[in-house]
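Trainee: Can you read through this structure? Questions will come right after.
The values are calculated or read from the model by the stated rules, or taken from the named source; none is laboratory data. Everything quoted here is computed from the prediction, not taken from an experiment. Quick reminder, even Gly has a Cβ in these numbers, built from the backbone with ideal geometry, and neighbours come from all protein chains shown. Accessible surface areas use protein heavy atoms only, side chains included; no ligands, DNA or RNA. Shrake-Rupley method; radii C 1.70, N 1.55, O 1.52, S 1.80 Å.
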Amino acid sequence: MVSLTIDGKKIDVEHGTTVLQAAEKLGIWIPTLCHHRSLTPYGACRVCLVELQWPRGSSIEASCVYPAADGMSVRTDTDRVVRTRKIMLELLLARCPEVRAIRDLAGHFGITRSRFPQQDSDCFLCGMCVRVCNERMGVGAINFLHRGVEKKVSPPYDAHSPICIACGACQVVCPAHSRSVEFDRLTSHTPRPIPSEFDEGLSQRAAVYIPFAQAVPHKPVIDAEHCIRLQTGACGACQAFCDAGAIDFDQQDTFREIEVGSIVVATGFEVFDGRQIARYGYGRLKNVMSALDFERISHASGPTNGEILTSEGQPPESVAIIHCVGSRDEHYHEYCSRVCCMYSLKFAHLVKEKTGAEVYNCYIDMRTPGKGYEEFYKRLLHEGVQFIRGKVAEVTDVAETEEEEGKLVVVCEDTLLGLTRRLPVDMVILSAALQPGADSDHVARLFSLSCSQGDFFLEKHPKLAPVEAATEGIYLAGACQGPKDIPDSVAQGAAAAACALSLADRGKYVLEPITSEIVPERCSRCKTCITSCPYSAIVFDEQHDISLIIEELCKGCGTCVVTCPSGAARQKGFEDVQIYAELDGILT
Amino acid sequence: MADTQFEPKLVGFLCRWCSYTGADLAGTSRKEYPPNLTPLRVMCSGRVDPTFVLHALAQGADGVLIAGCHPGDCHYKEGNYKAMRRYRMLLELLDTFGIERDRVRLEWISASEGDLFAETVADLTDKVRQLGPLNWSANWEENGERSEALQAIVLEHERAMEVVR
């Protein structure tokens, strides 16, 4: 350990710590431009200068590379320090007058203009890109080329680098957003940005990311498929930044088995893929977007910060919202998805409010049952949103008139006017159907759930037991049971939780009265029933030399009864004689 | 006989979870299908003893439907697989009796397949109608009332096999 004083404050740090790191620990700000916590110090920018006070005079040193020593006294705020930093900043500003990071820092020191001859570079040779490529990525695709005034960052021979992996780390660390580290200068490889799942691919994310702003738990995750450290063993830059030491690259997936008394199935829904209806142009025509795409665009935390913009970056002048995409359509889903009318109205309202654009809602029927919903619809009618009753035939970019040039044309029938209409618009939103998740089959099998029409999970009874599944102890909540909006999902979720609690609170379990039993006198000890039971509810009682049914485990399927060759197994409520009597009743 | 159509008597063993619910759906969604089939609810198609089918035929049924959950969907994990195996054996047995295989059908009908249930009943009714009456019970009806006669045969068989009740 070494002990030093910075601006009169004492601190003990480990041997090998730099003065800058020690100051950081004390919370003393030292400006830097070429420092990065995950890279070795380089001392290129010289704005982190501090004054070291010695018994005989003092010296100006770069704090990012100067190791702390015992008894050292450091000043970061003397006139001399400020004066020297200002000179450094003026020199940097003269080289790169347009670089934001330098201008901001210079501004902080009251410098708006450099007195030195101006150049127009956008790179001040901090070397961060070179260091990250070498040290972190282990690639070494770029380095400094030439010397002195000619010095610049480039791949060897000023040509495209064959070894560059197009990871983009150099661009991320570059404080100047310099042109010299743009992909077209570095490599002929195509970079593959990681699309943000939450933003529907409309924005990009890093390999370590917090899934979305309201994520629970609100913690970052590492995308193992894209993380350089997990893929190649290089990088690991995030580890250098995590003060809590929470990043552990050796962590493995773990599977935990939890024993529970009841299960609430709330696996939700998927959105119908608009690409399936090719004539609406989703995925083919620009500015045709799904409801989720629009939701992200209109959201304040979305890729456009809540501004409603077309892919050209302009606010739209007219927008068409197509209802029932994949719902109420015998080719896709026959059911009504229930929520689309209301969210389409919400979208119409948002577009009107934010852009003042003309909004067309092409609907089959407006379905607005729910508290305050019809009132909202009325309000939109007054706001001047256009409602066209009729199914949209197609969305095309083939213009027939001058007015349609450069626009999307929504071709639809207006059944109230009795006309076919062509609506030139700038943006089309598809209100797509809600459908069961792609793996709902697997989930259904896992929990022995039945499926109703449309493959949503089936409740025990549509009116009297809308939360319970056919299997005791399993409850359904939300859109996995059928399309529903947020209030209904919340209500069903709360009901499912209450059902599960009441089962736990009772403290005892009521058995179905239809379990099987074995008549001891008839049992021939053949043990055939034991192998037939899917629940292992039959055991052989060695002491009494007969097979025995454990009533608590028996689910009452009756398979053992059929299997028993000596007729010793019987199912209460479904005994052979009872079924024969039923048959006799039916047939005579 | 020529102007009155033969109406077969059919019995359906329906599993409580899938097929019975499917039949219920056919009813609640007002599907039309012939009234010839009378459903009989069992907990699982695995509960359907082949004897039940033979008993039904012996008692005067012209055809039998056994319906359960789709393979892999059984509420009791594997009851329908057992039904499937028993059904295969039952068909062999029907051959030895000289009963047409088309009279007994095994079908997988899920809770959402009300349409399939209606179609299956209509199709089975049609097939059995073409086959004509089975009238298996005529063999023993001459010995008195049908079920009593059948019971007498069973007892006679049990005595011969020395079955202890």
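Trainee: Based on this model, can you work out whether A:ALA266 counts as surrounded by fewer than 15 Cβ atoms within 10 Å (Cβ to Cβ) and either farther than 23 Å from A:PHE387 by Cβ or touching an Asp or Glu at 6+ places or on another chain (Cβ under 8 Å) (or both)? Can you show your working first?
Mentor: Details: surrounded by fewer than 15 Cβ atoms within 10 Å (Cβ to Cβ): no; either farther than 23 Å from A:PHE387 by Cβ or touching an Asp or Glu at 6+ places or on another chain (Cβ under 8 Å) (or both): yes.
Judged against the criteria, A:ALA266 is not a match.
Trainee: Any idea which of B:ALA56, B:ALA67 is open to solvent by less than 10 Å² (accessible area, probe 1.4 Å), in contact (Cβ under 8 Å) with a residue 12 or more places away in the chain and in contact with an Asp or Glu (Cβ under 6 Å, 6 or more places away or on another chain)? Walk me through how you get there before you give the answer.
Mentor: Details: B:ALA56 fails: in contact with an Asp or Glu (Cβ under 6 Å, 6 or more places away or on another chain).
Just a single option satisfies the conditions, and that option is B:ALA67.
Trainee: Can you tell me which residue is farthest from the chain's Cα centre (by Cα) among those in region B:5-19 that are open to solvent by 50 Å² or more (accessible area, probe 1.4 Å) and under 16 Å from B:ALA122 (Cα atoms)? Spell out how you get there, then give the answer.
Mentor: Of all residues in region B:5-19, those open to solvent by 50 Å² or more (accessible area, probe 1.4 Å) come to B:5, B:7, B:9, B:16.
Going one step further and asking which of them are under 16 Å from B:ALA122 (Cα atoms), we end up with B:5, B:7, B:9.
Details: B:GLN5: 22, B:GLU7: 16, B:LYS9: 10 Å.
So, considering only residues that are open to solvent by 50 Å² or more (accessible area, probe 1.4 Å) and under 16 Å from B:ALA122 (Cα atoms), the one farthest from the chain's Cα centre (by Cα) is B:GLN5.
Trainee: If A:HIS382 satisfies every condition in (1) open to solvent by less than 30 Å² (accessible area, probe 1.4 Å); (2) of a type outside the set (Ser, Thr, Tyr); (3) part of a helix (DSSP H, G or I) but one, which is the exception?
Mentor: Status for A:HIS382: all satisfied but (1).
Trainee: Next question, about the same structure. Condition (residue is in a loop (DSSP other than H, G, I, E, B) and within 11 Å of chain B (Cβ to nearest Cβ)) applied to region A:489-509: is it met by at least one residue?
Mentor: Looking only at region A:489-509, we keep the residues that are in a loop (DSSP other than H, G, I, E, B), and these are A:507-509.
Okay, now just the ones that are also within 11 Å of chain B (Cβ to nearest Cβ), so none.
No, every residue in region A:489-509 fails to be in a loop (DSSP other than H, G, I, E, B) and within 11 Å of chain B (Cβ to nearest Cβ).
Trainee: Going through region A:427-461 one residue at a time, which ones are closer than 16 Å to A:PRO483 by Cα, part of a loop (DSSP other than H, G, I, E, B) and more than 14 Å from chain B (Cβ to nearest Cβ)? Please lay out each step first, then the result.
Mentor: Here is the first cut: in region A:427-461, the residues closer than 16 Å to A:PRO483 by Cα are A:431-438, A:440, A:451-459.
Keeping just the survivors that are part of a loop (DSSP other than H, G, I, E, B) gives A:433, A:437-438, A:452, A:456, A:458-459.
Answer for region A:427-461, where residues must be closer than 16 Å to A:PRO483 by Cα, part of a loop (DSSP other than H, G, I, E, B) and more than 14 Å from chain B (Cβ to nearest Cβ): A:ALA433, A:GLY437, A:ALA438.
Trainee: Looking at region A:264-280, I want the residues that are among the basic types (Lys, Arg) and have a partner that is surrounded by 14 or more Cβ atoms within 10 Å (Cβ to Cβ) with Cβ atoms under 6 Å, at least 6 apart or on another chain. Which pairs are those?
Mentor: A:ARG275/A:TYR282; A:ARG279/A:GLU394
Results for (1) touching an Asp or Glu at 6+ places or on another chain (Cβ under 6 Å); (2) outside any strand (DSSP E or B); (3) more than 11 Å from chain A (Cβ to nearest Cβ), shown as yes or no for each residue.
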| residue | (1), (2), (3) |
| --- | --- |
| B:TRP17 | no, yes, no |
| B:GLY22 | yes, yes, no |
| B:PRO35 | no, yes, yes |
| B:ALA61 | no, yes, no |
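Trainee: Can you spot a residue in region A:359-377 that is under 26 Å from the mean Cα position of the chain (by Cα) and under 19 Å from A:THR310 (Cβ atoms)? Step through it out loud before you land on a result.
Mentor: Here is the first cut: in region A:359-377, the ones under 26 Å from the mean Cα position of the chain (by Cα) are none.
No, that holds for no residue.
Trainee: Need a quick list: helices (runs of 4 or more DSSP H) entirely within region B:96-165 having at least 1 residues that are open to solvent by less than 70 Å² (accessible area, probe 1.4 Å) and at pLDDT 85 or above. First the steps, then the outcome.
Mentor: On the way: elements: B:114-131, B:138-141, B:146-161.
Per the criteria, B:114-131.
Trainee: Also, I was wondering about something else. Looking only at region B:37-59, which residues are of a type in the set (S, T, N, Q) and either more than 7 Å from chain A (Cβ to nearest Cβ) or within 22 Å of B:VAL154 (Cβ to Cβ) (or both)?
Mentor: Applying the first criterion (of a type in the set (S, T, N, Q)) to region B:37-59 yields B:38, B:45, B:51, B:59.
Once the filter is applied, which keeps residues that are of a type in the set (S, T, N, Q) and either more than 7 Å from chain A (Cβ to nearest Cβ) or within 22 Å of B:VAL154 (Cβ to Cβ) (or both), region B:37-59 yields B:SER45, B:THR51, B:GLN59.
Trainee: Another question about this same structure. Could you list all residues from region A:511-531 that are more than 50 Å from the chain's Cα centre (by Cα) and part of a strand (DSSP E or B)? Walk me through how you get there before you give the answer.
Mentor: Of all residues in region A:511-531, those more than 50 Å from the chain's Cα centre (by Cα) come to A:517-529.
Listed by number, the residues that qualify are A:GLU517, A:ILE518.
Trainee: Identify, please: which residue in region A:136-176 is free of Cβ contacts under 8 Å to residues at least 12 places away in the same chain and of a type in the set (D, E, K, R) and is, among those, most open to solvent (accessible area, probe 1.4 Å)?
Mentor: Among those that are free of Cβ contacts under 8 Å to residues at least 12 places away in the same chain and of a type in the set (D, E, K, R), it is A:ARG147.
Trainee: Report, by residue number, each residue of region A:556-570 that is of a type outside the set (A, V, I, L, M) and either at the interface with chain B (Cβ under 7 Å from one of its Cβ atoms) or in contact (Cβ under 8 Å) with a residue 60 or more places away in the chain (or both). First the steps, then the outcome.
Mentor: Going through region A:556-570, the residues of a type outside the set (A, V, I, L, M) turn out to be A:556-560, A:563-567, A:570.
A:GLY556, A:CYS557, A:GLY558, A:THR559, listed by residue number.
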